[in-house]
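Scroll down for the structure; my scribbles are underneath it.
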Amino acid sequence: MSVTFLAGFLVAAAFVVSAFSSEHDDAALFPSFAPPSIREPGIAGYGVEQLGHACTIMTAGRDLGLDERDQTIAVMTAMGESSLRNIDYGDWETSGVTNPDGSRTTSIGLFQQQESWGSREARLDPYTAASTFYRAMTVRVPDRATTEPTLVAHLTQINTDPLHYARYWDRATRVVAALNAAPLQEGDRLDGIPLCPPA
């Protein structure tokens with residue numbers, strides 16, 4: 001190996017080491033911090049859009065003269081049917097579920113209502129869908145004040161599992177209370193979410 005080549009090699013190596021050290025020194029002097037995670041507003045695990053739908057459901061109930069328990073049952077039902085999302089598909093598309101007569105289900109919207117509940121447009125309009133649910137509930141369950149909430153929902157929706165909605169009752173109660181301006185529970189945030197207390 002010639003002296004000239006060796007000298008050139010050593011100079012290049014020194015430059016690489018210097019650049020590497022400088023880069024790491026900069027990193028030490030100016031550490032890169034990831035931005036802190038920002039917790040989105042929400043109640044009982046439901047976000048802004050879902051809580052807006054809950055408020056619409058509550059408003060529809062108030063407009064029909066129904067009390068907070070009835071409103072909470074409706075919110076619970078929508079939680080159990082669509083997770084408070086206004087979706088334009090239902091059980092047939094996701095799970096191949098059929099009606100008792102073997103026909104495809106046509107459920108859509110917050111309450112996963114089938115064609116017999118109204119037009120597609122009506123079932124996908126949250127206020128109209130909620131109003132339709134309430135009207136069916138008052139007719140089908142006249143003694144709902146003394147009936148378990150999950151059974152009220154079941155008798156209104158006519159689904160296969162009468163206990164399906166029970167798991168959502170506590171969350172529905174929590175959401176309705178928060179949207180009525182009650183003190184929030186730990187972990188809940190309403191920043192930027194409009195309340196919908198009674199007028």
Between Gly109 and residues 5 or more places away or on another chain, which pairs have amide H atoms under 5 Å apart, with H built 1.01 Å from N, and which residues are they?
Ile87, Asp88, Tyr89
Which net charge results when you count Lys and Arg as +1 and Asp and Glu as -1 among the other residues whose beta-carbon is under 15 Å from that of Glu148?
0
What is the local net charge at Ala136, summed over the other residues whose Cβ is closer than 13 Å to its Cβ (Lys, Arg +1; Asp, Glu -1)?
+3
Descending packing, highest mean Cβ count within 10 Å first, for 67-77, 114-124 is 67-77, 114-124
Output ³J(HN,Hα) for segment 182-187: one whole-Hz value per residue in order, computed from phi by the Karplus curve 6.51 cos²θ - 1.76 cosθ + 1.60 with θ = phi - 60°, and x for Gly and Pro.
6, x, 6, 7, 4, x
Length gained if Ser116 through Arg85 is fully extended, taking 0.36 nm per residue and subtracting the Cα-Cα distance, is 9.1 nm
Backbone HN-Hα couplings from phi across segment 48-56 [Karplus 6.51/-1.76/1.60, Hz, Gly and Pro as x]
4, 4, 5, 5, x, 5, 4, 5, 4
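With a 1.4 Å probe and all protein chains left in place, how much accessible area per residue does segment 118-180 have, in Å²? Let's see the in-between values first.
Working: 3220 Å² over 63 residues.
About 51 Å² of surface per residue is accessible.
At a 1.4 Å probe, what is the % contribution of carbon and sulfur to the accessible area of segment 102-199? Could the numbers behind the result be given before it?
Numbers: 2850 of 5290 Å².
On segment 102-199, the fraction of accessible area on carbon and sulfur atoms equals 54 percent.
The values are calculated or read from the model by the stated rules, or taken from the named source; none is laboratory data. Given the structure is predicted, the values throughout are model-derived calculations rather than measurements. In this analysis, Cβ positions are derived from the backbone assuming ideal geometry, glycine residues included, and neighbour counts consider all displayed protein chains. These area figures cover heavy atoms from the full protein model, side chains too; ligands, DNA and RNA do not enter into them. Shrake-Rupley method; radii C 1.70, N 1.55, O 1.52, S 1.80 Å.
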